[in-house]
Amino acid sequence: MLNLKPISFIVFLTLPWCLNGQEQAVQVYKYKSAQGVTSFSDVAPIDVDYQQVRIGCYACQLDSLVDWQKTKLYLSHFNDTIKMAAQKHQLDPALIKAVIHAESHFDHLALSKQGAQGLMQLMPATAKSLGINDAFNAQQNIQAGSKHLARLLKKYRGNITLASAAYNAGEGAVKKYLGVPPYPETQAYVKRVSILHSRYRQKI
């Protein structure tokens, strides 16, 4: 069992991410140690409460066979929290849903191999800067992710394409390339968010 102090995601790099070219789900367990430290293990802890988190990279699956024009929409998931976040940060709730869908497929326990956590896939440092202590908590994650998204939209004067690109690749990359970076993952992500945003707007 691995007890990581401070929290580290190096453990994830040793796990079998791919098999025959396909990314595989990896089971990781999140728990509190006897000292109250948040820890992760690839073995189910004994005699302690834990959550099972799922590692993957939903947002960066370039070879995804999902038809984003037809894939199932999550019209009722976390609606109250999304509405509150939209009102607080002056965002279109359909855009919040689109980002959540693109980032984590509405899996509040999602964890990327880079360490991004929860519904809106916040990196630990970003989550900390936004004032939340548990990025796997759906309410905290949505509020913090929406705050971050609203700041990006303000910076890019309402340009959803640039805000989405910055959300995925970082503001530095958008500045460097004066627009959407030429990263296949980011370009696929921006298109995915755009399609999902349009579809959610038609439904809510």
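The values are calculated or read from the model by the stated rules, or taken from the named source; none is laboratory data. What you see is a predicted model, and the numbers here were worked out from it, not measured in a lab. All Cβ positions, glycine included, derive from the backbone under ideal geometry; neighbour counts span all protein chains shown. The protein model used for the area step is the full one, side chains on, heavy atoms only, and it has no ligands, DNA or RNA in it. Shrake-Rupley method; radii C 1.70, N 1.55, O 1.52, S 1.80 Å.
How about region 159-190: which of its residues are open to solvent by 50 Å² or more (accessible area, probe 1.4 Å) and free of Cβ contacts under 8 Å to residues at least 12 places away in the same chain? Of everything in region 159-190, those that are open to solvent by 50 Å² or more (accessible area, probe 1.4 Å) and free of Cβ contacts under 8 Å to residues at least 12 places away in the same chain turn out to be Asn159, Gly172, Lys175, Lys176, Tyr177, Leu178, Pro182, Gln187. Within region 122-142, restricting attention to residues that are open to solvent by 60 Å² or more (accessible area, probe 1.4 Å) and part of a loop (DSSP other than H, G, I, E, B), which residue is farthest from Phe106 (Cα to Cα)? Among those residues, the one meeting the criterion is Gly131. Tallying residues that are touching a helix residue (DSSP H, G or I) at 6+ places or on another chain (Cβ under 7 Å), over 15 Å from Leu152 (Cα atoms) and not in a helix (DSSP H, G or I) within region 171-197 yields 2. Checking each residue in region 149-158 for being surrounded by fewer than 20 Cβ atoms within 10 Å (Cβ to Cβ) and assigned to a helix (DSSP H, G or I) picks out Ala150, Arg151, Leu152, Lys154, Lys155. Quick check: anything in region 97-118 aromatic (Phe, Trp, Tyr), over 23 Å from Phe78 (Cα atoms) and free of Cβ contacts under 8 Å to residues at least 40 places away in the same chain? Scanning region 97-118 turns up no residue that is aromatic (Phe, Trp, Tyr), over 23 Å from Phe78 (Cα atoms) and free of Cβ contacts under 8 Å to residues at least 40 places away in the same chain. Looking across region 82-106, just one residue is buried (at least 18 other Cβ atoms within 10 Å of the Cβ) and part of a loop (DSSP other than H, G, I, E, B), and that is Leu91. Every test in (1) modelled with pLDDT under 65; (2) open to solvent by 30 Å² or more (accessible area, probe 1.4 Å); (3) under 25 Å from Ile195 (Cβ atoms); (4) within 17 Å of the chain's Cα centre (by Cα) is passed by Gly56 save one, and that test is (2).
Say we look at region 62-81 and pick out the residues that are at pLDDT below 90 and of a type in the set (A, V, I, L, M); which of these is least open to solvent (accessible area, probe 1.4 Å)? If we take residues in region 62-81 being at pLDDT below 90 and of a type in the set (A, V, I, L, M), then Val66 is least open to solvent (accessible area, probe 1.4 Å).
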